[in-house]
Amino acid sequence: MPAPAEQHEWWQRGIVYQIYPRSFRDHSGDGVGDLPGVIEKLDYLQWLGIDALWLSPIYPSPMADFGYDVSDYCDIHPLFGTLADFDRLLAEAHRRGLKVILDFVPNHTSDQHPWFVESNSSRTNPKRNWYIWRDPAPGGGPPNNWLSNFGGPAWRFDESTGQYYFHAFLAQQPDLNWRNPEVQQAMFNVLRFWLDRGVDGFRVDVIYHIVKDDQFRDNPRNPNYKPGQNPHHEFLATYIADRPEVHDIIGGMRKVIDEYDSRMLVGEIYLPVERLVTYYGEGGQGVHMPFNFQLITMSWNARTISNAIQHYEASLPSYGWPNWVLGNHDNSRIASRIGRPQARVAAMLLLTLRGTPTMYYGDEIGMSDVPIAPEQVQDPFEKNVPGLGLGRDPERTPMQWDATPGAGFARSSVQPWLPLASDYSTVNVVTERDDPTSFLSLYRRLIALRRAEPALHIGAHEQVATPADIGELIAYVRRAGDRRFLVVLNLSDQPQAFTPPASEATPVTGRVALSTFLDREGESTQGKIELRGNEGVIVELRSAQSNP
Ligand code: NOJ
């Protein structure tokens, strides 16, 4: 039996909503979203029912990687506003009961950060060892075969000092040397700077990358790599990510967080489940949650997802709180990956699974990827490695608030930094708010139900076997005390009937609490449940007391 709700922290009970600040709401009129824009939309977020917002980076930055290249960790980029705007955002969010999570980018700084400018200035500069500098290989050339995530070698030669520095991403994003205790202390103080201001937690960028092999060994070739794939995958990341020493450093971050009440760390980690769960740390002294990206990375079919849910649940350490993510600023939107009708089923999955859901802005109205013409490309990844579909602009386009020119993101006279979707006159908040069966209405109803029912936000998860011949269904029960909800999801576009296998103790006698079509609430169920194509239902099961 799960512990009562009051024994769970806000980040366990609640729902996280990711805002990509450049694309949420442009208040200043320059075509780029900003903090006053986010403040304007806090009432919307409260109405939607989420609990915490995560802001992608808002710090001063040359914007080579749109903010993931930080040149000052303790200020706000003028594009987004000022520290005073940030304090107002925090106060206004807190006044509405919303938590605020910042993006912490520890792996690398901008090459314009004063630390790197110093480090780069001479071999004897006291900050030289704050970054990863190496001599050329004996015959000349880069020290080893490590590749950048954004294409090409991960080493950049500096003529004036005659050494290479390591950059896991762009050359404008040199990696910090986390083996250096001075770097650790400086970065821990960055955390304290924001914690003292009142932020509630951090999403930690590529946390599993921050320590590299101390012997700088070559990465092994990836036997599964095929030309035409992301060139970074030609080699395995054996010596540049998920190194054993990383856990001590994360433990150090966690200690800083624990100096404060009720704050949290969620780590960005793309690793198989066996490796992922090690990031909870020994005895839970790592991140509070390592992001679980399986719903993004695996293929969308019932068998695969059912098995993944079971495997993930079984792999969690006793102190590990689960979480699920459907989309983010680095991956194609869910409505484009699986189609808009099926994305409603995905919404029900995300919001009924055990574990903290993280939503991506715009997914709640069913936004799709926006095609980006070559001359509109902004993302440096697409510019470096063009034509392979790796660019991330399509999922970063402006939020669609209403049907007016500019979609309520920016004034009509202003050119947004990325193009608006062509469907914004129908797919937008204002239109969908007034439509009782819209995507937005579905999200809002799902969120309201999850919030109202401890079974759904903190309850136990019990997988229900689905017979092999109805392979496109996923079924599970969420339970707290005598409240039980059966969730049945049809991952196909064909009608399916769900009958629990004879061996299962799960009766289906109950009442439909919600269908993804939002048109059969209150319907009684008995014996079996008929589902339309692309339909999911939540059935409130009759309690044991009323069904002796
Ligand atoms: C992961 C972030 O999510 C991505 O947007 C960024 O480009 C890289 N880390 C580098 O910071």
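Figures for the structure shown
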read-out	value
Considering residues of region 381-394 that are touching a helix residue (DSSP H, G or I) at 6+ places or on another chain (Cβ under 7 Å) and open to solvent by 30 Å² or more (accessible area, probe 1.4 Å) only, the residue farthest from ARG333 (Cα to Cα)	GLU382
Positions within region 117-150 being over 28 Å from PHE235 (Cα atoms) and not polar (S, T, N, Q), in sequence order	VAL117, GLU118, ARG123, PRO126, LYS127, ARG128
Residue within region 108-124 that is away from the ligand (no atom under 14 Å from the Cβ), within 19 Å of LEU195 (Cα to Cα), in a loop (DSSP other than H, G, I, E, B) and of a type outside the set (A, V, I, L, M, F, W, C) present	no
Matching option when the condition is away from the ligand (no atom under 16 Å from the Cβ) and closer than 21 Å to SER56 by Cα, among MET264, MET289	MET264
Only listed residue being more than 16 Å from the ligand (Cβ to nearest atom), of a type in the set (Val, Ile, Thr) and open to solvent by 10 Å² or more (accessible area, probe 1.4 Å), chosen from THR297, THR278, THR352	THR278
Neighbours by Cβ (under 8 Å, 6+ apart or cross-chain): first from region 92-105, among the small types (Gly, Ala, Ser); second part of a helix (DSSP H, G or I)	ALA93/LEU42; GLY97/GLN46
Of all residues making up region 145-160, the number that are open to solvent by 20 Å² or more (accessible area, probe 1.4 Å) and away from the ligand (no atom under 14 Å from the Cβ)	9
Residue check for LEU55: within 16 Å of the ligand (Cβ to nearest atom), within 19 Å of the chain's Cα centre (by Cα) and within 30 Å of ALA347 (Cβ to Cβ)	yes
Number of positions in region 224-251 that are assigned to a helix (DSSP H, G or I) and open to solvent by 30 Å² or more (accessible area, probe 1.4 Å)	5
Single residue of THR397, THR404 found to be more than 24 Å from LEU473 (Cα to Cα), of a type in the set (S, T, N, Q) and open to solvent by less than 10 Å² (accessible area, probe 1.4 Å)	THR397
Close pairs (8 angstrom Cβ cut-off, 6 or more residues apart or separate chains): touching a residue at least 40 places away in the same chain (Cβ under 8 Å) and in a loop (DSSP other than H, G, I, E, B) in region 45-56, open to solvent by 10 Å² or more (accessible area, probe 1.4 Å) and of a type in the set (Gly, Ala, Ser) anywhere	GLY49/ALA448; ASP51/GLY97
Residue in region 320-338 that is farthest from the ligand (Cβ to nearest atom), counting only those that are in a loop (DSSP other than H, G, I, E, B) and charged (D, E, K, R)	ARG333
Residue that is more than 30 Å from ASP175 (Cα to Cα), open to solvent by 10 Å² or more (accessible area, probe 1.4 Å) and not in a loop (DSSP other than H, G, I, E, B), where the choices are PRO317, PRO341	PRO341
Which numbered condition PRO398 misses (of (1) part of a loop (DSSP other than H, G, I, E, B); (2) under 25 Å from THR516 (Cβ atoms))	(2)
Of all residues in region 163-197 being aromatic (Phe, Trp, Tyr), in contact with a helix residue (DSSP H, G or I) (Cβ under 9 Å, 6 or more places away or on another chain) and open to solvent by 10 Å² or more (accessible area, probe 1.4 Å), the one that is farthest from PHE381 (Cα to Cα)	PHE188
Selected residue (criterion: nearest to the ligand (Cβ to nearest atom)) from residues of region 58-98 that are of a type in the set (Asp, Glu) and part of a loop (DSSP other than H, G, I, E, B)	ASP65
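The values are calculated or read from the model by the stated rules, or taken from the named source; none is laboratory data. Keep in mind the model is a prediction, meaning the values are calculated, not measured. No Cβ is skipped: glycine too gets one built from the backbone with ideal geometry, and neighbour counts run over all protein chains shown. All accessible areas refer to the heavy atoms of the entire protein, side chains included, with ligands and DNA or RNA removed. Shrake-Rupley method; radii C 1.70, N 1.55, O 1.52, S 1.80 Å.
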